[in-house]
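The values are calculated or read from the model by the stated rules, or taken from the named source; none is laboratory data. The shown structure was predicted, so the numbers you read here are calculated from the model rather than taken from an experiment. Here the Cβ positions follow ideal geometry from the backbone for every residue, glycine too, while neighbour counts run over all protein chains shown. Areas reflect the complete protein model, heavy atoms only, side chains present, ligands, DNA and RNA absent. Shrake-Rupley method; radii C 1.70, N 1.55, O 1.52, S 1.80 Å.
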Amino acid sequence: MEPVRSKTVPTDLRKHLFYETSHSPSLADLVGYEKAKDIIDFCFIANPYYPTPEMLDDLKENFPNLIKSYPSSNPATSQKNLATVLHVNPDNLIIGNGATELIVLINTTLIDRIAVPIPTFGEYIEKLKDQRDAELYALKPEENYKLHLVEYLAWVHRRGLKALLIINPGNPTGQLFSLEEMIDFLQRAKDMELVIVDESFVDFAGDPIPSLLQVADRFSNLLLVRSMSKHCGVPGLRLGYCYSGNLFVLNRMRQFIPTWNVNTLAQYFLSLLPSTDSAYHEARRRLIADVRWLFTALQGMSGIDVYPTGANFVLFKINGAMTSAELQGILLNEHRMYVRDCSNKIGMDNFHIRVASQGREKDTKLVEALQRSLR
């Protein structure tokens, strides 16, 4: 099979794609839709085991009718379907066109100034009304970018801030706080006006899921954000949601949500969730086992330092002269694998790679490719 492009691909793309946002270019941007089919994507994070084959067949069968139909302008039915599997009150949910739409709404309707630990998911900074409204709390490279909750809150208080962000598990580090640690933090942070906790990867943190969803109503300043792209494996459908026990906060956001913000295909997918919930949890547990295998395999390799993870991805640092961009280029051109170069994340150096598990068979190929590439 011919190489994807010359080995200058990453450099060329940085000039046009990589530095424009904190996200990586999609494979379609890199090589086109046809060639993308032949490349294993370890960059973008999504559950490889869900939707089930039966769900995909159902979606295919109904696709011609769905794309010819307007989505519902009433979000209540979709909220009810989602609430059924989350075991929460549907009135306290907002479903968005991806978590990114909701992050934009949060940033523009709820926030004046906010504390943001870095490195992090870039949308929380980039989509503020003014990026100077983000007070950046730089995590220390020598401590593997660990966030210490008590120290962070003390810093927030010294800065006189009333809003803060935590991503749990962290992105891109995978650092996980237990449910008990998060509840303790929220009790300490009751004087804050807004505590945003992004739990987009928490379904892969363990069993039972250590999510704040079941205790969220106890904290009126808490707003949970979750991306369904990650845990349901449907990034193309653009689905995410917020949950809060504070209806005043949710209603402020609802004023600015466009009618039909969730497309018909996505709404139909949401309708399938209650009947496939057991299959979802089976897929989730399977992926947790895969990530643990991947972490152990990477940890046994020389030339990299591997970060502990509570998510469905693993972050590692390259030891030596090779940069993350160079390793990304080698894997793409020589092994037809796409990994996440984290060098454009604010606060992170140019030696970090993040890889999302794509199932045991593909993960095994990645480990073998890394062993050859890092010699």
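Could you go through the range 61-70 and let me know if any residue there is in contact (Cβ under 8 Å) with a residue 40 or more places away in the chain and under 21 Å from Arg252 (Cα atoms).
Taking every residue of the range 61-70 in turn, none turns out to be in contact (Cβ under 8 Å) with a residue 40 or more places away in the chain and under 21 Å from Arg252 (Cα atoms).
Every residue, every condition in (1) open to solvent by 40 Å² or more (accessible area, probe 1.4 Å); (2) in a loop (DSSP other than H, G, I, E, B); (3) under 22 Å from Leu250 (Cα atoms); (4) in contact with a Leu (Cβ under 9 Å, 6 or more places away or on another chain), yes or no:
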site: Pro172; (1), (2), (3), (4): no, yes, no, yes
site: Leu176; (1), (2), (3), (4): yes, yes, no, no
site: Glu181; (1), (2), (3), (4): yes, no, no, yes
site: Leu186; (1), (2), (3), (4): no, no, yes, yes
site: Ser211; (1), (2), (3), (4): no, yes, yes, yes
site: Val215; (1), (2), (3), (4): no, no, yes, yes
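Every residue in the range 1-49 that is at pLDDT below 65, closer than 22 Å to Ala369 by Cα and open to solvent by 60 Å² or more (accessible area, probe 1.4 Å), please.
Selection gives Met1, Glu2, Pro3, Arg5, Ser6, Lys7, Thr8, Thr11.
Okay, residues lined up against (1) within 24 Å of Ser200 (Cα to Cα); (2) out of contact with any His (no Cβ under 7 Å at 6 or more places or on another chain); (3) buried (at least 16 other Cβ atoms within 10 Å of the Cβ):
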site: Leu270; (1), (2), (3): yes, yes, yes
site: Ile288; (1), (2), (3): yes, yes, yes
site: Trp293; (1), (2), (3): yes, yes, no
site: Ala297; (1), (2), (3): no, yes, yes
site: Met301; (1), (2), (3): no, yes, no
site: Ala321; (1), (2), (3): no, yes, no
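If we keep just the residues of the range 327-375 that are open to solvent by less than 10 Å² (accessible area, probe 1.4 Å) and acidic (Asp, Glu), which is nearest to Val116 (Cα to Cα)?
Asp341
With the condition kept exactly as written, say whether any residue in the range 349-357 is under 20 Å from Pro235 (Cβ atoms), at pLDDT below 95 and outside any helix (DSSP H, G or I).
Scanning the range 349-357, I find no residue that is under 20 Å from Pro235 (Cβ atoms), at pLDDT below 95 and outside any helix (DSSP H, G or I), so the answer is no.
For the range 68-120, name all the residues that are assigned to a loop (DSSP other than H, G, I, E, B) and touching a Leu at 6+ places or on another chain (Cβ under 9 Å).
Residues satisfying the conditions are Pro71, Pro75, His87, Val88, Gly98, Leu110, Ile111, Arg113, Pro119, Thr120.
Could you please find all residues in the range 140-170 being exposed (fewer than 14 other Cβ atoms within 10 Å of the Cβ) and small (Gly, Ala, Ser)?
Ala154, Gly160
Each row is one residue, and each column tells you yes or no for (1) at pLDDT below 95; (2) touching a helix residue (DSSP H, G or I) at 6+ places or on another chain (Cβ under 8 Å); (3) of a type in the set (Lys, Arg).
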{"residue": "Asn263", "(1), (2), (3)": "no, yes, no"}
{"residue": "Ser271", "(1), (2), (3)": "no, yes, no"}
{"residue": "Pro274", "(1), (2), (3)": "no, yes, no"}
{"residue": "Ala283", "(1), (2), (3)": "no, no, no"}
{"residue": "Arg286", "(1), (2), (3)": "no, no, yes"}
{"residue": "Asp290", "(1), (2), (3)": "no, yes, no"}
{"residue": "Leu298", "(1), (2), (3)": "no, yes, no"}
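Which condition does Ala134 not pass, out of (1) within 27 Å of Glu180 (Cβ to Cβ); (2) open to solvent by less than 70 Å² (accessible area, probe 1.4 Å); (3) free of Cβ contacts under 8 Å to residues at least 40 places away in the same chain, if it passes all the others?
(1)
Among (1) in contact (Cβ under 8 Å) with a residue 24 or more places away in the chain; (2) farther than 16 Å from Ala311 by Cβ, which single condition is Ser275 missing?
In the conditions (1) in contact (Cβ under 8 Å) with a residue 24 or more places away in the chain; (2) farther than 16 Å from Ala311 by Cβ, Ser275 misses (1) alone.
So which residues in the range 307-342 are basic (Lys, Arg) and within 17 Å of the chain's Cα centre (by Cα), if there are any at all?
Scanning the range 307-342 gives a single hit, Arg340.
Counting only residues that are of a type in the set (Lys, Arg) and more than 17 Å from Leu239 (Cα to Cα), which one in the range 50-94 is least open to solvent (accessible area, probe 1.4 Å)?
Only one residue fits best here, namely Lys60.
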